[in-house]
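The values are calculated or read from the model by the stated rules, or taken from the named source; none is laboratory data. Predicted model only: the values in this text are computed from it and were never measured. No Cβ is skipped: glycine too gets one built from the backbone with ideal geometry, and neighbour counts run over all protein chains shown. Protein only, heavy atoms only, side chains kept; ligands, DNA and RNA dropped before computing areas. Shrake-Rupley method; radii C 1.70, N 1.55, O 1.52, S 1.80 Å.
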Amino acid sequence: MKRNLILLLSLIVVLVGFLIYRSFEEEGMQIPIHEIPSVSCIQITNFQIPKNEQISIEKKANKWYITPNIEADAEVFKNYLEVLSSLQLQNPQSKAKVKELQQNTNISKGQVVIYTRSFLGFKYPKRKIYFYQDSLHLYASKRKNGIVYVISTPLINLAESHYFSAQKEHWRSRRILHCPINQIARIHIAYPSAADSSFTIIQNGNSIRIQPMRNAPLDTLQIYDFLSSFTDIYANSFVNHNLSSLQRKQSFSKPSKQKIYLLNKQGFEIELDTYPKYNQEDSVQKLDPYLLYGVLPHTKDTVVLSYFILDKIQRSLADFFVQ
């Protein structure tokens, strides 16, 4: 009896596995619009020499995350899923072209695996797409050695996009500081080259203190306006891999312009250091009047920031006292 039960369970497991495999094999490259809500994970791998790059973007509580703590850009990922649902196959390629795509190390190549969840909650691969990209087209195949097609979509020019990139900077949310005013416990702003302008604001319930104190009334409207600036601060872009050693030396060899430390009421710390950005003009390095660099010490990310975005937090101690 026990042996028959084990045999029956084994057959059921084999049958379920076979059905999943057949479902996977019979699927095309597109994700039908009605299946998009069931997608639970996208895994992208770039087969590059000397090492491969891989990234997994997974859905948790209806949000997409690159890692447990790094949120993906919701709009970018929504567009990406729409792109995957609109892929169109054109012009099957010759064997000679396929061989060139597979063997040429100067051609970008990789795979995208699309996962969904079964009714039992298990994650399984629904589709796999092998892709190749040269200077003219994006090509794709359902199998590693299968028929290769030029692919297109009416939504974007795939040849100019990062939709098949395995670099996290192309996918992550550009919101680098987010803390509603009622969640702020402490903010410290330091100016290494102007220590007298540095200050700390501490919020405890309805009580707000500022350090160091001055012999003047506090301007609470200015304080609340300053604290509200941390609700949403976005970077223009991530430039972790795009700065030369000369650019880094010019901007980061000197003390930072401003150091921001924020502690929320859940004990989570956020840090941001800002540095000047220089542009090359006629063999001369000139200070950028609109943009600056930011460094996030916890994640080691380097970003480009706009002075316009940071304007409200470019405050000094004197701004919070009635003159």
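Summary table below
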read-out	value
Test: residue in the stretch 108-124 that is open to solvent by 50 Å² or more (accessible area, probe 1.4 Å), touching a strand residue (DSSP E or B) at 6+ places or on another chain (Cβ under 8 Å) and either under 16 Å from Gln43 (Cα atoms) or among the basic types (Lys, Arg) (or both)	yes
Enumerated strands (runs of 3 or more DSSP E) restricted to the stretch 118-227, each holding at least 2 residues that are within 29 Å of the chain's Cα centre (by Cα) and not small (Gly, Ala, Ser)	123-133, 138-141, 149-152, 175-177, 184-190
Qualifying residue in the stretch 206-213 (condition: within 30 Å of Lys254 (Cα to Cα), open to solvent by 60 Å² or more (accessible area, probe 1.4 Å) and modelled with pLDDT under 90)	yes
Of the criteria (1) open to solvent by less than 50 Å² (accessible area, probe 1.4 Å); (2) touching a helix residue (DSSP H, G or I) at 6+ places or on another chain (Cβ under 6 Å); (3) over 30 Å from Thr299 (Cβ atoms), which one Phe199 fails	(3)
Scope the stretch 87-110; condition in contact (Cβ under 8 Å) with a residue 40 or more places away in the chain and either under 25 Å from Glu169 (Cβ atoms) or assigned to a strand (DSSP E or B) (or both); matching residues	Leu87, Gln88, Leu89, Gln90, Asn91, Pro92, Thr105, Ser108, Lys109, Gly110
Qualifying residue in the stretch 234-249 (condition: open to solvent by less than 30 Å² (accessible area, probe 1.4 Å), more than 17 Å from Arg315 (Cα to Cα) and either assigned to a strand (DSSP E or B) or without any contact (Cβ under 8 Å) to a residue 24 or more places away in the chain (or both))	yes
Per-region count, the stretch 271-305, residues open to solvent by 20 Å² or more (accessible area, probe 1.4 Å), touching a residue at least 40 places away in the same chain (Cβ under 8 Å) and in a strand (DSSP E or B)	2
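A quick yes/no check of all residues on (1) of a type in the set (S, T, N, Q); (2) within 24 Å of Gly294 (Cβ to Cβ); (3) out of contact with any Lys or Arg (no Cβ under 7 Å at 6 or more places or on another chain); (4) open to solvent by 20 Å² or more (accessible area, probe 1.4 Å):
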| position | (1), (2), (3), (4) |
| --- | --- |
| Ser135 | yes, no, yes, yes |
| Asn145 | yes, no, yes, yes |
| Pro154 | no, no, yes, yes |
| Gln167 | yes, yes, yes, yes |
| Arg172 | no, yes, yes, yes |
| Asn204 | yes, no, yes, yes |
